[in-house]
1. Please list, by residue number, every one of the trypsin sites (Lys or Arg not before Pro) in segment 193-285 that is coil in DSSP and has at most 13 other beta-carbon atoms within 10 Å.
2. Check cross-link reach from residue 207 to the aspartates and glutamates: straight Cα distance under 19 Å, and skip same-chain residues fewer than eight apart.
3. Filter the trypsin sites (Lys or Arg not before Pro) in segment 130-174 to those in DSSP coil with at most 13 other Cβ atoms within 10 Å of their Cβ, and list the result.
4. Taking a threshold of 30 Å on the Cα-Cα distance, which of the pairs 141/214; 149/256; 80/106; 149/219; 113/256; 106/128 fall above it?
5. For segment 179-221, place one equal point scatterer on every Cα, skip the solvent, and apply the Debye formula. What is log10 of I(q)/I(0) at q = 0.13, 0.17, 0.33, 0.34 Å⁻¹?
6. Just flag the GluC sites (Glu not before Pro) in segment 138-221 sitting in loop per DSSP whose Cβ has no more than 12 other Cβ atoms within 10 Å.
7. I'd like the carbon and sulfur percentage of the solvent accessible area for segment 231-285, probe radius 1.4 Å, heavy atoms only, ligands and nucleic acids excluded.
8. Apply the a/c threshold of 1.5 to the C-alpha gyration tensor of segment 178-249 and tell me whether it is rounded, prolate or oblate.
Amino acid sequence: MKKKHDWNIKSKHILVIMILVCISLMLLTFAEKFPAAPVRKAASYAVVPFQNGINKVGTALSEMTSGFRNKKKLVAENEKLQSKVDELTAENSRLTQSISELDRLKKLYDLDKEYSEYDKVGAEVISKNSGNWFSTFTINKGSDDGIQKDCNVIAGSGLVGIVTEVGKNWATVRSIIDDTSNVSAMTMTTSDTCIVSGDLRLIDEGKLQFIHLKDEDDKIQEGEKIVTSATSDRFLKGILIGYVSEIEENPNNLTKTGTLTPAVDFEHLQEVLVIKELKQQKGDS
């Protein structure tokens with residue numbers, strides 16, 4: 001059985017043939033007696049399609065090159081815009097932090113004016129106990145700044161706690177939410193006394209507990225201000241602790257128990273004011 005001839009001609013062979021034909025036709029045009037019209041006619045059939053193909057390829061390559069240039073330009077512009085976006089994002093973050101810091105400092109300034117009768121020093125919180133709450137923490141001011149043990153500490157809208165230990169340039173503060181804390185307190189409107197007890201489990205609900213409230217005339221309602229009492233031996237009188245949120249009668253019908261919303265955000269403390277003046281009397285509380 002005879003093998004079939006493979007008549008498929010590769011494209012590069014066609015290109016070679018076309019080039020030879022073009023050269024031959026060019027040479028024929030230089031012959032003086034050779035009729036040019038048939039040659040031109042033949043050339044039009046042979047060369048023009050080839051030339052059109054080359055033109056299309058050239059056009060495609062030109063468009064591709066232009067597309068690459070445009071893409072490169074778009075990539076460069078995108079990188080430039082992304083850089084600008086990153087810069088504006090960073091600037092916005094700095095402004096947000098500055099606004100937040102300004103708001104905190106304004107609250108400290110207002111608190112300073114509210115308790116203007118006391119000499120105070122501002123301090124930053126530099127470390128805290130483990131957990132979400134600032135039950136005990138360290139500040140960056142100490143005895144060199146006039147801070148002593150038992151100095152009262154305030155922030156936000158009221159009482160934070162009391163200094164328990166002092167170094168030359170640091171001090172430890174125990175806040176009123178700590179389980180070991182008990183503060184002699186009283187109601188603002190009636191001066192009825194009670195004890196505000198720290199409870200880290202209860203603070204998870206954003207509350208503090210008060211006990212032994214004497215309210216014989218049932219005048220105390222939700223929203224009542226609870227402040228440090230005159231009978232406290234270590235806490236200065238009249239510093240806001242919080243607002244009554246719940247109140248109920250004890251089984252003995254003599255005193256009441258309840259919860260209050262603290263005047264300080266004990267989850268996000270950053271700056272505090274330390275009152276340098278100490279309560280004159282010493283004892284419990």
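The values are calculated or read from the model by the stated rules, or taken from the named source; none is laboratory data. Just so it is clear, the structure is predicted and the values come from calculations on it, not from any experiment. Note that each Cβ is placed from the backbone with ideal geometry, even for glycine, and that neighbours are counted across all protein chains shown. The accessibility values were calculated without ligands, DNA or RNA, using every heavy atom of the protein model including side chains. Shrake-Rupley method; radii C 1.70, N 1.55, O 1.52, S 1.80 Å.
1. Details: sites: 201, 207, 214, 219, 225, 234, 237, 256, 276, 279, 282; in loops: 201, 207, 214, 219, 234, 237, 276, 279, 282.
Within segment 193-285, the qualifying trypsin sites (Lys or Arg not before Pro) (loop, at most 13 other Cβ atoms within 10 Å) are 201, 219, 237, 282.
2. Once the sequence-local aspartates and glutamates are set aside, what remains near residue 207 is 178, 179, 199, 222, 224, 246, 248, 249, 265, 267.
3. On the way: sites: 141, 149, 168, 174; in loops: 141, 149, 168.
Qualifying residues, ordered by number: 168.
4. Values: 141/214 39 Å; 149/256 33 Å; 80/106 39 Å; 149/219 37 Å; 113/256 34 Å; 106/128 23 Å.
Result: 141/214; 149/256; 80/106; 149/219; 113/256 exceed 30 Å.
5. -0.31, -0.50, -1.10, -1.13
6. Values: sites: 165, 205, 216; in loops: 216.
Passing both the DSSP loop test and the Cβ count: 216.
7. Numbers: 1300 of 2740 Å².
Its accessible area is 47 percent carbon and sulfur atoms.
8. Working: a/c = 1.76, a/b = 1.12, b/c = 1.57.
The shape class here is oblate.
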